[in-house]
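A short write-up of the structure that comes next.
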Amino acid sequence: MAVDRQKKFSIGNWKMNTDLADALVLSQGVRDGVEGINGVEIILCPPFVWLYPIAETLKHTPKNLSLGAQNMHWQEKGPFTGEVSPMMLQKVVKYVILGHSERRFHFNESDELINDKVQSAFEHGLIPVLCIGERSKTNSGSDEMINQLVRDLNEVSEQNMSNLIVAYEPVWAIGTGDAATAEYAGDVAKKIRRKITELYNEKVAENLPILYGGSVVKSNIAEYMDEPDIDGALVGGASLKINDFVEISKEIGRYR
Ligand code: 13P
């Protein structure tokens, strides 16, 4: 395990969308479309219930395609009705999205809880895709986002930092079509790297993949990838369309 910036990342967060038939068509369509693309790790994050059937159908899939979960509980098992544990996920996925703003704000997930989940993901050999982002466009100082970063990484060891991906997703840009400008997202990514240097050291900061998410589409992905501190994208709506997500992934692959 371990991730670095040699490879770029194209992650599709399907959120609470698709039925089983859609999920199979979408995952197989993406698999066929991305065959032969090098230098980019393509990660599909379907709803929990479709993970296993998709994993089964993608068994002999090219190495550049992996699965991720959209959330998890931090404990292995117990009386937590409706939850899914890292132990259950570790056989099926390599990655897990944690701290998505939809979980923070619709389900009241706190930074303390997200930190527990991040630590648990490491303990179970899963790579967290930690999402952070400010709610208000006018709060472009992004203190809220930096505070999330610091709290969510509480007591994360330097060693585990090489098993982490950070996704900067300004809440106001998610699903709105009001994407952050590439320059703005690039500056925030630089700011995140500076904070990681302060918390750890330059080597850790330089090795950390930082993605942008929020209204990414095939016509704007290149602008983000032109930013030296952005290593890929976390895509919502556009990841539900085979052709759009394949095009986005191909474009990301051009920047390795
Ligand atoms: P959209 O790409 O639909 O804006 O969603 C972004 C997102 O929340 C991905 O996690």
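The values are calculated or read from the model by the stated rules, or taken from the named source; none is laboratory data. All of these numbers come straight from a predicted model, not from anything done at the bench. For neighbour counting, all protein chains shown are included, and Cβ atoms are generated from backbone atoms with ideal geometry for every residue, glycine included. Side chains included, ligands, DNA and RNA excluded: accessible areas come from the protein's heavy atoms. Shrake-Rupley method; radii C 1.70, N 1.55, O 1.52, S 1.80 Å.
So which residues in region 197-256 are among the hydrophobic types (A, V, I, L, M, F, W, C), more than 15 Å from the ligand (Cβ to nearest atom) and in a helix (DSSP H, G or I)? Let's see the steps before the verdict.
At the first step, the residues of region 197-256 found to be among the hydrophobic types (A, V, I, L, M, F, W, C) are 199, 204-205, 208, 210-211, 216-217, 221-222, 225, 230, 233-235, 238, 240, 242, 245-246, 248, 252.
Still in the list and also more than 15 Å from the ligand (Cβ to nearest atom): 199, 204-205, 208, 222, 225, 242, 246.
If the condition is that a residue be among the hydrophobic types (A, V, I, L, M, F, W, C), more than 15 Å from the ligand (Cβ to nearest atom) and in a helix (DSSP H, G or I), then 199, 204, 205, 222, 225, 242, 246 are the ones that fit.
Evaluate the following for residue 185: is it within 16 Å of the ligand (Cβ to nearest atom), open to solvent by 20 Å² or more (accessible area, probe 1.4 Å) and either farther than 24 Å from residue 31 by Cα or free of Cβ contacts under 8 Å to residues at least 40 places away in the same chain (or both)?
Values: within 16 Å of the ligand (Cβ to nearest atom): yes; open to solvent by 20 Å² or more (accessible area, probe 1.4 Å): no; either farther than 24 Å from residue 31 by Cα or free of Cβ contacts under 8 Å to residues at least 40 places away in the same chain (or both): yes.
Taking the combined requirement at face value, the residue does not satisfy it.
Scanning region 91-117 for residues that are in contact with a helix residue (DSSP H, G or I) (Cβ under 9 Å, 6 or more places away or on another chain), over 18 Å from residue 133 (Cα atoms) and open to solvent by 20 Å² or more (accessible area, probe 1.4 Å), which turns out nearest to the ligand (Cβ to nearest atom)?
Once the filter is applied, the top-ranked residue is 92.
Does residue 77 fit the bill of being under 30 Å from residue 254 (Cα atoms) and either open to solvent by 10 Å² or more (accessible area, probe 1.4 Å) or in a strand (DSSP E or B) (or both)?
Details: under 30 Å from residue 254 (Cα atoms): no; either open to solvent by 10 Å² or more (accessible area, probe 1.4 Å) or in a strand (DSSP E or B) (or both): yes.
Against the criterion (under 30 Å from residue 254 (Cα atoms) and either open to solvent by 10 Å² or more (accessible area, probe 1.4 Å) or in a strand (DSSP E or B) (or both)), residue 77 does not qualify.
For residue 120, all conditions in the list (1) assigned to a loop (DSSP other than H, G, I, E, B); (2) over 18 Å from residue 234 (Cβ atoms); (3) open to solvent by less than 10 Å² (accessible area, probe 1.4 Å) hold save one; what is the number of the exception?
Every condition holds for residue 120 apart from (1).
Would you confirm whether any residue within region 167-179 is away from the ligand (no atom under 13 Å from the Cβ) and either free of Cβ contacts under 8 Å to residues at least 60 places away in the same chain or at negative phi (or both)? Full working, then the answer.
Filtering region 167-179 for residues away from the ligand (no atom under 13 Å from the Cβ) gives none.
Looking through region 167-179, none of the residues is away from the ligand (no atom under 13 Å from the Cβ) and either free of Cβ contacts under 8 Å to residues at least 60 places away in the same chain or at negative phi (or both).
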